[in-house]
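The values are calculated or read from the model by the stated rules, or taken from the named source; none is laboratory data. What you see is a predicted model; the values in this text were computed from it and never measured. Neighbour counts are summed over all protein chains in view; Cβ atoms, including those assigned to glycine, are modelled from backbone coordinates with ideal geometry.
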Amino acid sequence: MAETLKALSHPVRLKVLLLLAHGPKSISELHAGCESCSQSQMSQFVSRMTLEGLISSTRDGRKKVVQITDARVKQAIHALVKIYAP
């Protein structure tokens with residue numbers, strides 16, 4: 001639980017999870033939704049979150065597609081959206 005909350009406490013990681021709550025996205029789509037970091041930084045965030053088991057990635061041709069894999073993370077994100085963005 002602490003790792004999940006840690007992921008939610010970082011602004012960019014939270015933004016990534018909020019974007020992924022609507023479905024799988026490519027690294028480019030995530031980068032476009034989060035102007036505060038470079039595409040390289042976005043890739044680093046995604047790699048770390050993948051290692052932590054929060055998200056997973058697959059290849060679709062040349063694109064890397066990312067999605068939330070941990071059901072608890074999905075539930076937490078959806079709860080936060082209901083509370084803070086009604």
Candidate set: segment 63-86, residues that are in a loop (DSSP other than H, G, I, E, B) and modelled with pLDDT under 90; chosen: the one farthest from the chain's Cα centre (by Cα): 86
Counted residues, segment 9-59 - those being closer than 27 Å to residue 83 by Cα and surrounded by fewer than 13 Cβ atoms within 10 Å (Cβ to Cβ): 7
Near pairs, Cβ below 9 angstrom, 6+ apart or cross-chain, from segment 58-69 (under 11 Å from residue 27 (Cα atoms)) to any residue that is loosely packed, with under 10 Cβ neighbours inside 10 Å and among the charged types (D, E, K, R): 65/59
Any hit, segment 32-48, residues being among the charged types (D, E, K, R), in a helix (DSSP H, G or I) and in contact (Cβ under 8 Å) with a residue 60 or more places away in the chain: no
In segment 60-81, residue surrounded by the most Cβ atoms within 10 Å (Cβ to Cβ) [restricted to those that are in contact with a strand residue (DSSP E or B) (Cβ under 7 Å, 6 or more places away or on another chain) and of a type outside the set (A, V, I, L, M, F, W, C)]: 64
